[in-house]
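Before any comments, here is the structure.
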Amino acid sequence: AIADTPSFIFLWVGDGVGLEQGRQCLKKWGFRRCEDICWVKTNKTNATPGLRHDSHSIFQHSKEHCLMGIKGTVRRSTDGHIIHANIDTDVIIAEEPSYGSTQKPEDMYRIIEHFALGRRRLELFGEDHNIRSGWLTVGKGLSSSNFNAEAYVRNFADKDGKVWQGGGGRNPPPDAPHLVKTTPDIEALRPKSPVKNQQQMQQQQSASISLTSNSANRRPAGNSPQNPTVLGLNQEGSSSNPSTPAAWASPMEAFRGREGMNMSSDDRMFDIYGYGSQANGEYLDFESHRPMNLM
């Protein structure tokens, strides 16, 4: 109910059956799974006689998974003010905490903060060791609280006191006050996603023509003028940001969340590669629309 559009969720699911249950949970909450981050555990300081396992496991488990889900549409080619892709890897190698601890690797926070440029960060089921600057931590295991609703919302308001309300599938503009600000120098340094522009397509087309022009008996190449339909698969996708004006609201209206709103009945979900109801050559569907079965 409180998740904006677009927004991201990182859900620790453990291993084994938790992976399937986590996917069902994300779908129920209106998110689409688009990544799987794996924590490979070391035991240098907390060595044990053997790896722990339960009665449901076949192999001894030495890793945990964190599923990443997305609500809304974000494209790397047009929404660089919302996400920074290609910076971190999907594998964390870190020490396993002592038995019974729920503590996760601190690298997980850095991955989230590098990737998602929204400053409204919420951690659920947190404990005292989860408290981190820039995050709102909520959980029964917290020993104290200094939360102030008015002060919290003021951190995300513009000079006129308005906050980005979102909704309706509209992505926030680059100057939205709740986004991490960036500079041209930072953008020049960060990794870029490979995008096929028109010049690269023309070079591929010219190379294909030169390879096939000497043999009249060969079948037309994929990018040759005789077979132009293949070129349509590599055309640049359109922008995900509609031309409708941004939705803004007073600070406390945004703080109330979306308890009164219903989730969209549309079962289509989108990932960070711009996948919509129809896949094309540029944006791939990394997880097909299929019902999840629990064994």
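Before moving on, here are some points about what is shown:
- Spacing of the two label points (7 Å from each Cα toward its C-beta) at Asp107 and Asn43, in nm: 1.9
- When Leu11, Leu117 are compared by accessible area of protein heavy atoms, the largest-first order is Leu11, Leu117, using a 1.4 Å probe.
- Of the chymotrypsin sites (Phe, Trp or Tyr not before Pro) in region 1-107, the ones in a loop by DSSP (not H, G, I, E or B) with at most 11 other beta carbons within 10 Å are Phe59, Tyr99.
- Rounded, prolate or oblate (a/c below 1.5 giving rounded, otherwise prolate when a/b exceeds b/c) for region 7-117 by Cα gyration tensor: oblate
- Here region 7-117 is treated with +1 on each Lys and Arg Cβ and -1 on each Asp and Glu Cβ, and its dipole about the Cα centre works out to around 380 debye.
- Working note: Karplus 6.51/-1.76/1.60 with θ = phi - 60° gives region 59-64 the couplings 9, 6, 8, 10, 8, 9 Hz, where Gly and Pro are set to x.
- Under Karplus coefficients 6.51, -1.76 and 1.60, residue-wise ³J(HN,Hα) of region 84-97 in Hz, glycine/proline x: 10, 8, 6, 9, 9, 8, 9, 10, 10, 10, 8, 5, 7, x
- Legend: residues Cys66, Cys38, sorted from most to least accessible area (1.4 Å probe; ligands, DNA and RNA excluded), read Cys38, Cys66.
- In this structure, the residue pairs whose Cα-Cα separation is over 20 Å, taken from Lys63/Lys104; Lys63/Lys192; Lys159/Lys181; Lys41/Lys104; Lys27/Lys192, are Lys63/Lys192; Lys27/Lys192.
- When you restrict to C-alpha pairs under 8 Å that are six or more residues apart and normalise by the size of region 115-192, the relative contact order lands at 26 percent.
- Sites listed here are trypsin sites (Lys or Arg not before Pro) in region 77-154 whose DSSP assignment is loop and whose Cβ has at most 16 other Cβ atoms within 10 Å: Arg119, Arg132, Lys140.
- Counted charge near Cys38, where neighbours are those whose Cβ lies closer than 11 Å (Asp, Glu -1; Lys, Arg +1): -3
- Probe 1.4 Å, accessible area per residue of region 7-117, Å²: 53
The values are calculated or read from the model by the stated rules, or taken from the named source; none is laboratory data. Only a predicted model underlies this, so the values are computations on that prediction, with no experimental measurement involved. Positions of Cβ are backbone-derived with ideal geometry, glycine not excepted, and every protein chain shown enters the neighbour counts. All accessible areas refer to the heavy atoms of the entire protein, side chains included, with ligands and DNA or RNA removed. Shrake-Rupley method; radii C 1.70, N 1.55, O 1.52, S 1.80 Å.
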